[in-house]
Amino acid sequence: MMKFPGFSKSADNSKPAKKAPKKSLFRRINDWLHLWLGLISGTVVLIVSVTGCLYVFEKEISDLIKPYKFVTPQEKSYLLPSVMKEKAERYLEGVLPDSVEPNLYGVQYFSRDRSAIIAYNHPEHEYTMIYMDPYDGTVLAEQYLKHDFFRIVLMGHYYLWLPPDIGQPVVAVSILVFVILLITGMVMWWPKNLNKANFDKSFKIKWKASFKRVNYDLHNVLGFYFLTLSLILALTGLVWGFEWFSRSYYWALTGGEKLPEWERVVSDTTRTYNGSANPLDAVWLQMLKEYDGRGGDVGLQFPRDNKGAISFNYNPRPGTYYKRENRNFDQHTLKEIPGNNELYDQKFEEASVGRKIYRMNYDIHVGAVLGLPGKILAFFASLVCASLPVTGFLVWWGKRKKGKKKTTAAQRKSGRTDKQVLNTTLQ
């Protein structure tokens, strides 16, 4: 049999390899954005997601490890706010330097088996909470929030433990990029057809496969299943990230309304209080008549200066914030002052659907709006968000190493340079 140079028997029987269909320009741009935006923002998304996981159950864990948050319930009324304020000031006489006057923010009462809290600003430790027995005013503990574990976690979530002017924009931009990554990831995930092979690849994790395949499935499949929850976490977080986003979000929810500005409520300084009872107690007793028997948490914010108002707050659903009611009173006349922010001074039940959703933003973000099941969902969604940068990086790194091996093998076989082989591969 005649043989021709450059041909062999194996070459005669071989079939030309099928070329993979070329991706559209849109898909190439989408994939490129997903890769490089993911590499750029991955570390920040990982930190924000892990700290979010840790913070979800902050209240539940704090209740377990901080016994001073509880008291023995008694069959008598709580001490009046003025009495609690006086006892806290007396306690701080031996804690603060003589030159520093205690500037107490207010007192918050909870259920009958929980201690009350009075907060103030410590000159060294900053925001500080004094836990007190609401029945006799005994100081149970003093907590410097600056040194609290969960506060440190929260500062990482907000600012990456950097100065706020630096960390907050970095976090906000990274989360905005993460939203883009979720969308581009969905485009990459979308199967061309749902035959059995594509169905299994898109919706199932092949646990018995190699590490690379399992890692790819964790990134691809979990990313799809938690896409909606991840978008909710990211978008509700962006409300605090960008003022323009917060305004646009409110505008979209309310059908074109402008986000109300917060303005300080002030008392009439031309009047002098002439009542016999302490003004704090007078407001408190008046509010108790209206809210007695309704359950929930109640509190009173002290006026910070001669212009300040006395503010009463009521929360019918402890553990959440969206139903919270605020009412303000002139410290000199005790007359109720209309609030200057119609969004939060309006009762939740009377608000429009858009305003209700906006007020629920924090509770949606942490899952508290659905109670414990919602927090569990938020925890796992944050966990998946934290895994995506890691699994995505491993997918990219594995392809990068595989590409280098192919290039080296082709170079040895053909004797060509790395550059020549790489150019041929990319064509």
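The values are calculated or read from the model by the stated rules, or taken from the named source; none is laboratory data. In this text the structure is predicted, and so the values were computed from the model without any measurement. No Cβ is skipped: glycine too gets one built from the backbone with ideal geometry, and neighbour counts run over all protein chains shown.
In the set Lys289, Lys375, only one residue is surrounded by fewer than 17 Cβ atoms within 10 Å (Cβ to Cβ), charged (D, E, K, R) and in a helix (DSSP H, G or I); that residue is Lys289.
Pairing each residue of segment 287-303 that is closer than 18 Å to Pro318 by Cβ and not assigned by TED's automatic domain parsing to the domain that holds Asp113 with any residue that is assigned to a strand (DSSP E or B) and among the basic types (Lys, Arg), provided the two are 6+ apart or on different chains, yields C-beta distances under 9 Å for Met287/Arg327; Asp297/Arg114. Against the criterion of being within 22 Å of Asn30 (Cβ to Cβ) and touching a residue at least 60 places away in the same chain (Cβ under 8 Å), Phe224 does not qualify. Return the residue satisfying two criteria in turn: it lies in segment 301-339 and is outside any loop (DSSP other than H, G, I, E, B) and acidic (Asp, Glu), and of such residues it is nearest to Arg114 (Cα to Cα). Here the residue is Glu325.
Restricting attention to segment 153-191, the residues that are within 17 Å of the chain's Cα centre (by Cα), in a helix (DSSP H, G or I) and not aliphatic (A, V, I, L, M) total 10. Residues in segment 329-360 that are β-branched (Val, Ile, Thr) and within 25 Å of Ala282 (Cα to Cα) were compared, and the one that is surrounded by the fewest Cβ atoms within 10 Å (Cβ to Cβ) is Thr333.
If you go through segment 249-286 and keep only what is among the β-branched types (Val, Ile, Thr) and outside the structural domain of Asn328 (by TED's automatic domain parsing), you end up with just Thr254.
In the set (1) part of a helix (DSSP H, G or I); (2) closer than 26 Å to Phe26 by Cβ; (3) out of contact with any Leu (no Cβ under 9 Å at 6 or more places or on another chain), the condition left unmet by Leu194 is number (1). For segment 238-269, the tally of residues that are assigned to a loop (DSSP other than H, G, I, E, B) and either of a type outside the set (A, V, I, L, M, F, W, C) or free of Cβ contacts under 8 Å to residues at least 40 places away in the same chain (or both) stands at 11. For segment 276-315, the set of residues classified as touching a Pro at 6+ places or on another chain (Cβ under 7 Å) and among the aliphatic types (A, V, I, L, M) consists of Leu280, Leu300, Ala309, Ile310, listed by residue number.
Of the helices (runs of 4 or more DSSP H) that lie entirely inside segment 1-92, those containing 3 or more residues that are farther than 30 Å from Ser230 by Cβ and either of a type in the set (Gly, Ala, Ser) or modelled with pLDDT of 95 or more (or both) span 81-92. Name every residue in segment 101-116 that is at pLDDT 95 or above and of a type in the set (Ser, Thr, Tyr), in order of residue number. Tyr105, Tyr109, Ser115, listed by residue number. One residue stands out among those in segment 270-286 that are among the small types (Gly, Ala, Ser) and in contact (Cβ under 8 Å) with a residue 12 or more places away in the chain: the one that is nearest to Pro338 (Cα to Cα), which is Ala282. Determine, yes or no, whether Thr254 is surrounded by 15 or more Cβ atoms within 10 Å (Cβ to Cβ), within 28 Å of Asp165 (Cβ to Cβ) and polar (S, T, N, Q). Considered against the rule, which asks whether it is surrounded by 15 or more Cβ atoms within 10 Å (Cβ to Cβ), within 28 Å of Asp165 (Cβ to Cβ) and polar (S, T, N, Q), Thr254 comes out as no.
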